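Data first, discussion second: the structure below is written as structure tokens.
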Amino acid sequence: MQSFRASNQRMLLQLISKRCEPIFALQRYRRCSSESTNGRSTARDGSSIFTAVMSFGDGSQGALGLPTSVIGIGGDAYEPLRIAGLPSDVRSVSAGHYHSLAVTSRGELWTWGRNDEGQLGRGSSTPRYSWSEPKRVEGLADVKVSTAFASGVISVAIGDDGSLWVWGKSKRGQLGLGEGITQAIVPSRVEALAGEVIAKVSLGWGHALAQTVNGKLYGWGYSADGRLGQLGPTLESSPLDPLPPDTIKGIREHSDDDALGAAEKFVRESMARENNLPIIWEPQLFKEIKSGEVTDIACGLDHSLVLYGDGTLLSGGSNIYGQLGRANVDMGLLPVDIDRISFKPVALASGLGHSMAICKIPSSSSEHNKEFNLQKAVTWGWNRNSQLGRTGSENVPLPVERLKEEETPVSLSGGRVHSLALTSNGNLWVWGCGKNGRLGLGSSFDEPEPMPVDLQGFRVLQAVSGYDHNLLLVAES
């Protein structure tokens, strides 16, 4: 009992130090930033506004981009802290599973975090201690980058001409560079998409989706269990899907750490058995899913979501946690069981095993005079750490009711087991697992429903999640 109490005391002391250190660092940052014009840009009305990138959560892979003097070596950030090593004109941010990306107004791309697979675009031989330092991707010097995305092992950049560039290492064809090509040390153009103008890319564990500006959809990579619809010669199940009921129950009912550990162990063991499953090595066009233009896409670890302009929402891939949101268990991209009378999806997001959508809802209950002029966050899938932000059936899309009515969600992002919502007034709301400070609330506690993050004078322009870390693009309120 004494050792147990001593352990708890040590944990409490660690928590207190973790909480206090970011607060002091943030105070120092705010004091210094008010005395300097670095990082200022001009608003449309000609006034000067301050912009910055902040990060919080798990820092073990260097994805926070914060100096060791602030968080220590591989330390975590329990509240949002400014990343000082970035240019002053960052206009968008993106997060891979364990690394981070930022695009400037000049079209430069900066990266930091995990680099075991060369996903930072600076070669795999650079010193490990430097991976946490934001640096420009030199291999894109001739490309004006408009936006960027990432998975756990690769990064992608879209040029202002709609070209797609990739780098990193993936044995499951996620690079899309051709049969058998599993590594790109420097950014390489995806020639199979040379005739298209790419608007967005979403990446899962081993698969990828790309959406064009005119609403076409392409897919490539690991195609098991229908995560790429009907692409590929045959539809085959992944070893991750046919879990015995006792195994699923055990993973769901373990304590938090044990649950994640059991799930990750199962994934590692299953990966070794997947070597002969189908891979689509180059992007292929989805031809016969549904007529109409694709308006949004999102990939979880091993599932996919596709939204069409008329509000039709399709899902495909693994359904181990109910993340497909449909009773139909057939493989392929099939309609989600969402109440189309009450909800009209307009934007998508996904965590590891949970799915999210922003939906228009009617302001009136009248069946004859419905105007869909309100927006709500709708979630379904894995909920072991309350990452759905609600109670009720997990495998059915339902709204996050505790998000205040005056807070209109405009974007969502999902991590491994936590979720973010950015609202129209620039506020950030978080819920789910709080381990390693990934909720930015100053503690490690889980939150079962949305909680506001106090940024004290900043409004959030963009919020994105990696697996266990987060990035914010902020401006002065």
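The values are calculated or read from the model by the stated rules, or taken from the named source; none is laboratory data. Nothing here was measured: the structure is a model prediction, and the numbers come from that model. Quick reminder, even Gly has a Cβ in these numbers, built from the backbone with ideal geometry, and neighbours come from all protein chains shown. Keep in mind that these areas ignore ligands, DNA and RNA; they rest on the heavy atoms of the full protein, side chains included. Shrake-Rupley method; radii C 1.70, N 1.55, O 1.52, S 1.80 Å.
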**Request:** Pairs only if they're at least six apart or on different chains, beta carbon under 6 angstrom, first in the stretch 103-130 and open to solvent by 10 Å² or more (accessible area, probe 1.4 Å), second among the acidic types (Asp, Glu); list them, first residue then second.
**Result:** Ser105/Asp89
**Prompt:** Here is a list of conditions, (1) free of Cβ contacts under 8 Å to residues at least 60 places away in the same chain; (2) closer than 15 Å to Gly325 by Cα; (3) open to solvent by 60 Å² or more (accessible area, probe 1.4 Å), and Asn395 meets all of them except one; can you say which number that is?
**Reply:** (1)
**Request:** Confirm whether Asp225 is at pLDDT below 95, open to solvent by 40 Å² or more (accessible area, probe 1.4 Å) and over 17 Å from Lys171 (Cα atoms).
**Result:** no
**Complete:** Checked against (1) open to solvent by 50 Å² or more (accessible area, probe 1.4 Å); (2) free of Cβ contacts under 8 Å to residues at least 40 places away in the same chain, Val166 satisfies every condition except (1)
**Subset of the stretch 295-316 [open to solvent by 10 Å² or more (accessible area, probe 1.4 Å), under 19 Å from Val153 (Cβ atoms) and assigned to a strand (DSSP E or B)]** = Cys299
**Prompt:** So how many residues does the stretch 459-472 have that are aliphatic (A, V, I, L, M) and either open to solvent by 10 Å² or more (accessible area, probe 1.4 Å) or without any contact (Cβ under 8 Å) to a residue 60 or more places away in the chain (or both)?
**Reply:** 4
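Does the stretch 274-284 include one or more residues that are among the acidic types (Asp, Glu), at pLDDT below 95 and open to solvent by less than 30 Å² (accessible area, probe 1.4 Å)?
Checked against the condition, which is being among the acidic types (Asp, Glu), at pLDDT below 95 and open to solvent by less than 30 Å² (accessible area, probe 1.4 Å), the stretch 274-284 yields at least one hit.
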**Fill in**
Being under 26 Å from Trp112 (Cα atoms), crowded, with 16+ Cβ neighbours inside 10 Å and β-branched (Val, Ile, Thr) narrows Val378, Val417 down to just Val417
**Message:** What pairs come out if I take residues in the stretch 331-346 that are in contact (Cβ under 8 Å) with a residue 24 or more places away in the chain and pair them with residues that are among the acidic types (Asp, Glu) whose C-beta lies under 7 Å away, six or more apart or interchain?
**Reply:** Met331/Asp225
